[in-house]
Structures are given as C-alpha cells and as structure tokens.
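Structure first, commentary second.
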Amino acid sequence: MKLMDKLERKIGKYAIRNLMLYIILGNIAVYLLCMFNTSLVFYLYLDPHAVLSGQVWRLITFLFIPPSVSYTQLFMVAISLYFYYFIGRMLENQWGAFRFNVYYFIGVICTMAVSLIFKVTGSTSYLNESLFLAFATLFPEMQVLLFFFIPIKVKWMGIIAAALMIVQFITGDWGTKLMILASFLNYILFFGPILWDKIKYGRRKEQYFKKVNYRKEGGKGKIIQDVAFHRCCICGKTEKDDPNMQFRYCSQCDGSREYCMDHLYDHVHYKDPNKTWTPPQGQ
C-alpha cells in the first residue's frame, strides 16, 4: 500500500497507540454506569434521528456500548471485551498503530455515514466482526480454546463467522445489508487485493503445474511433480520439505516475499534499498 506508506510518514505520529485499550475501558465504564441506571444506554446508541436533532455525542458514545449491560451477563461481557482487546493488540502489533487506526476508523466512519444517510441505527457489532476477520486472516494458524476447552484454529472460526455474516446479509433487511457493507469496507480495502491475488495465484499455480512442473513418465500418463512452488525466504523450506506447512506473503515487505509460518511473524521486514524517503520533521 504505497498510499498508506505515504500517509504514515506524514501523519503517523498522530496515531492513537493502544487504541483498543481505550475502547475497552470505555465499554467497561458504560457497563458499570448502566448497572446503576440501565436506561443510560438509550442515550448512547447511534440513533440517526437523535443525532440530527442535536445529540451529536452519539457519534462517539456508540463505540463504548458493551455487548450487554445486564449484570447477569457479566462473565460473557468480560470474556468478549478481553477477546476484542486481545485482537486489537495483535492487529496493532502486526500493522503498527497508524494502520490499525486507519482500519478501525474506516469502519467507524462508514458506519456513521450509512446510519445518518439511510436513517439506520448503528452499532459496533459488525465492526467488531471485521476486526475478528482481519485477525483470522493474519493469524490463521493460531489456536484458541473455544468454550475454554475445545482447541480450534482461528481460521476455522473466521470461516464460520464469515459464513454467518453472509447468511445475515442475505436474509437481513436493507438496513442490515447496508450496515454489514459499511462495517466491512475496511476489510475489503485492506485484504481485497490480497485475496484477489490469491485467487489469481491459485489459478496460475494450477496452470503452472499442468504445463511446467509436471511431466509424463513412461508414456503411461503418470504425473510427477518435480518443482517446488513455495519457498520460504528465510529458511528455504518448501512444500516438499513439509507438505503440511503453509506459506504466506508478508504485506509489510517490499516485493513478493514469501515465508513459511515459522518465519512469517518472526523476520525483519525487507525494504527495497532503491526506495528513499525523508522522515517527517520532529521524528
């Protein structure tokens, strides 16, 4: 993302670090206040009619509404908030504060815009789902304990979440459809090109194996693969060395540099020495 690199050099110093921590602390504060007055939450929702009537604080306060304000749901709320704090921290560590800010606030701004233009009540539920899908895309092999005892890889949870979101989009009303699209525009902007490249990459891979990497043996039509298609830039490992190993391209490295899962998150990002830039003043 060349545009993102330029923006980060110019205004990256203004990024809010530990953004998700502040969001979660706001959620906790609202939850505690609602334990004394549950009607308070009705003054915090992103209600477009109320906003246009002058209650502009709702443009901010809807971000701090927890999953539930019922004291009987305390355990569920605590787990949900911790999980989203963990996701936000992982994304910020992976992208840096500026890119994580951009990702999050694109979803926020689009949610507010759709709410005000189409008079639809907005919330952070779909925005939080977009955070989780980003997390599942970047860390597909990470394993978590579902319900505290079922080990499952994040990629499978991401697939389930995406499937449920598609069902909601198909079966929901126009307000639901618009909110889903608004909340996931950030995901589309960040990962759409990468996912599209993977689709084209898969097609090229199939053609490559058919035309180049395979040969017929003994005239019997037996097909043998003789060339590795993936290779880690760090250790040189290929799918021939470990058929179960997955390989990914690093979005923060210049050029198309591929890494095995052992080194994807443990390497120094490569920067093209031919690219030069002047750091902003004050840094």
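The values are calculated or read from the model by the stated rules, or taken from the named source; none is laboratory data. For clarity, every value in this text was computed on a predicted model and none was experimentally measured. Don't worry about glycine lacking a Cβ; one is built from the backbone with ideal geometry, like all the others, and counts go over all protein chains shown.
Kindly list, by first and then second residue, each pair from a residue in segment 155-171 that is under 11 Å from GLU129 (Cα atoms) and assigned by TED's automatic domain parsing to the domain that holds ILE87 to a residue that is in a helix (DSSP H, G or I) and of a type in the set (Asp, Glu), limited to pairs with Cβ atoms under 9 Å and residues at least 6 apart or on different chains. Sorted first by the residue in segment 155-171, then by its partner, the pairs are ALA161/GLU129; ALA162/GLU129; LEU164/GLU129; MET165/GLU129.
Matching residues to (1) under 23 Å from the mean Cα position of the chain (by Cα); (2) free of Cβ contacts under 8 Å to residues at least 60 places away in the same chain:
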position: VAL56; (1), (2): no, yes
position: ILE60; (1), (2): yes, yes
position: MET76; (1), (2): yes, yes
position: PHE86; (1), (2): yes, yes
position: GLN94; (1), (2): yes, no
position: ASN101; (1), (2): yes, no
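Of note, TYR270 does not satisfy the criterion of being in a strand (DSSP E or B) and either modelled with pLDDT under 80 or not assigned by TED's automatic domain parsing to the domain that holds ALA97 (or both). Filtering segment 126-152 to residues that are more than 14 Å from the chain's Cα centre (by Cα) and either outside the structural domain of TYR45 (by TED's automatic domain parsing) or not hydrophobic (A, V, I, L, M, F, W, C) (or both) leaves GLU141, GLN143, PRO151.
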